[in-house]
């Protein structure tokens, strides 16, 4: 067995260059101390920032300086901690940054309420007087747009004081599902009794042994059934809080109150569901084919995750992955490709696992640092795809940071997954065209189909569940476990179709979805994939002028609302066209998969 390296044993060429931020902890501490002093000054400026236009300008410019240093400190401390999570020195740095963030938040917490209380014409005159305030305009105008939904200062203070109570349901759910629920034991593929957990459930539900799949499925959801009253009470607290809050603020529904923050209409949400529902026959064909390939008389929900193809055990060294990605993404043009080369040569990427390194992968960075990518590369194709995905985020960050002022450089969550998922789709197409065997082609097509199933269809089903639950409570309904279970069971019957046995236990699945405690978030996954399909298709088809428009979108950061920025690439989500095109891509991929599968 290959011994995993300690952090000290990893060569510098395989590490990200975090020392570009601070050479050592002494430099970090110097900035930390500087920011502590600056926050004292910021607190003084905050007290009278609305007295006149000059104070207003000085406060926001100084606030920006503080924010930039704070972000830079945070990136350094977080990345150093993730290199070796057992290192107490970096644990302490991260903890100190959290304390500093808390102080920063305390100083700035009254800024928005005070602006909203001020006469709007006065605020606009301040913005118009100084060109230095132009980068702050979109953020402040977005705040002013919420004025009609903002209560009095005293009422806002009262609501804010109840935040721990509002958050209690989510916290209690996390403790319950991560620590308290027990699912018992099951027999693994070798006949050994093993404890079933959320962490290892994915291993069992994908097992080639159908008895293992069925038992893990049944026991997991029966575990949630044992806590049906408790979990229902916790989720109902979220539904009720959202309903009360939206009514207090003058919204017509809970969903409107969430989407309005990004100036997104409920119609967009409805268009996603409408498009997916009208194309569910494609998903039914997917399950029919899977049933045929598995040789089953009945296809149950617990059969949905087992692979129907030979596992792709081909290895890709990191250098091979690098060559693949650099060649693949020449398609974006010279500007993108040149910077991508720098990502591999200039210390952006932390490549391999080491002892106590944080698991998974992510992209991070601040306005005053390069974008960084953390990987745990193990030479599987999934790792190549993950690298392309995270570099998509990092390139988006780079282009945004270098083309926007700090205040507008942060792109919204609604747009965040587009660059990364588009990269995955283009890589998949590139690898498919170069695949030499039937098995390779099937593996790549299967990966793409699974992405659609998990993201476009499953997340849209989740989105519909959320919408139904919130609307039911908004209209005065009581979200009992019978209502939630039956509604979720009916959705599964709709989405899986007439040829799949929808096992009764699935009605408890909503209980295990933590995203429901961050309301109206999941629809963004399905929307982003749909947009990515549109982008990838235009890039691959070499649509005239589209490449340039796409790069302009990446350079736009958060300078406007997401739907306005999408107009750069000619996307209008007021109808279902983009969602329909994603469903079409899924169907075309499925037909290609079926054709290759039937090849002799």
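Readers should treat all values here as calculations from the given coordinates under stated rules, not as data from a laboratory. This one's a predicted model, so the numbers in the text were calculated from it and none came from an experiment. Heads up, the Cβs are rebuilt from the backbone with ideal geometry, glycines too, and the neighbour counts pull from every protein chain shown.
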*Can you give me the relative contact order of the chain as a percent, contacts being Cα pairs under 8 Å and 6 or more apart?*
19 percent
*Distance between the stretch 44-120 and the stretch 508-554 - C-alpha centres, whole angstrom*: 31 Å
_Could you give the length gained by full extension between residue 541 and residue 194, i.e. 0.36 nm per residue of separation minus their alpha carbon distance, to one decimal place?_
119.9 nm
*Between residue 480 and residue 11, what FRET efficiency comes out of the Förster formula 1/(1 + (r/R0)^6) with R0 = 60 Å and r the beta carbon distance, rounded to 0.05?*
0.55
_Cα-based equivalent ellipsoid of the stretch 108-186: semi-axis lengths in Å, sorted from largest, via gyration tensor_ = 42, 17, 9
*For the stretch 565-592 and the stretch 151-217, compute the distance between their C-alpha centroids and round to whole Å.*
33 Å
*asked:* Along the Cα→Cβ direction, 7 angstrom out, place labels at residue 161 and residue 274. What is the inter-label distance in nm?
replied: 4.5 nm
*Added length on full extension, which subtracts the Cα-Cα distance from 0.36 nm per residue, residue 439 to residue 334*: 34.4 nm
*For the chain, what does -39500 (n - 2.57) per DSSP helix run (n ≥ 4), summed and divided by total residues, give at 222 nm, in deg cm²/dmol to the nearest 500?*
-20000 deg cm²/dmol
*Rounded to the nearest Å, what's the spacing between the alpha carbon centres of the stretch 224-284 and the stretch 328-405? Just the number, please.*
33 Å
_Equivalent ellipsoid semi-axes - Cα gyration tensor, the stretch 155-234, angstrom_ = 37, 11, 9
*Got a sec? Which residues in the stretch 113-148 would a label at residue 64 touch, if it sits 7 Å along Cα→Cβ and we count backbone N under 13 Å?*
127, 130-140
*Between residue 405 and residue 99, take the C-beta separation as r, use R0 = 22 Å, and let me know the FRET efficiency to the nearest 0.05.*
0.20
*Hey, rough spin-label estimate for residue 20 and residue 346, points 7 angstrom out along Cα→Cβ, what's it come to in nanometres?*
0.6 nm
*For the stretch 105-246, what's the radius of gyration and Dmax over Cα atoms, in angstrom?*
25.1, 76
*According to a simple spin-label model (label point 7 Å from Cα along Cα-to-Cβ), what is the distance in nm between residue 229 and residue 471?*
3.1 nm
*What order do you get for 149, 470 when you list them from fewest to most C-beta neighbours inside 10 Å?*
149, 470
_Estimated Rh, the stretch 7-163: Kirkwood, alpha-carbon pairs, angstrom_ = 18.0 Å
*asked:* Below 8 Å, C-alpha to C-alpha, sequence gap of six or more: please give me the relative contact order for the stretch 473-598 in percent.
replied: 19 percent
*For the stretch 31-137, what's the relative contact order in percent, using C-alpha pairs closer than 8 Å and at least 6 residues apart?*
32 percent
*asked:* If each residue of separation counts as 0.36 nm, what is the full-extension length gain between residue 368 and residue 142 once their alpha-carbon separation is subtracted?
replied: 78.9 nm
*Once every Cα of the chain carries one equal point scatterer and solvent is ignored, give the base-10 log of I(q)/I(0) from the Debye formula at q = 0.05, 0.11, 0.12 Å⁻¹, two decimals.*
-0.24, -1.32, -1.59
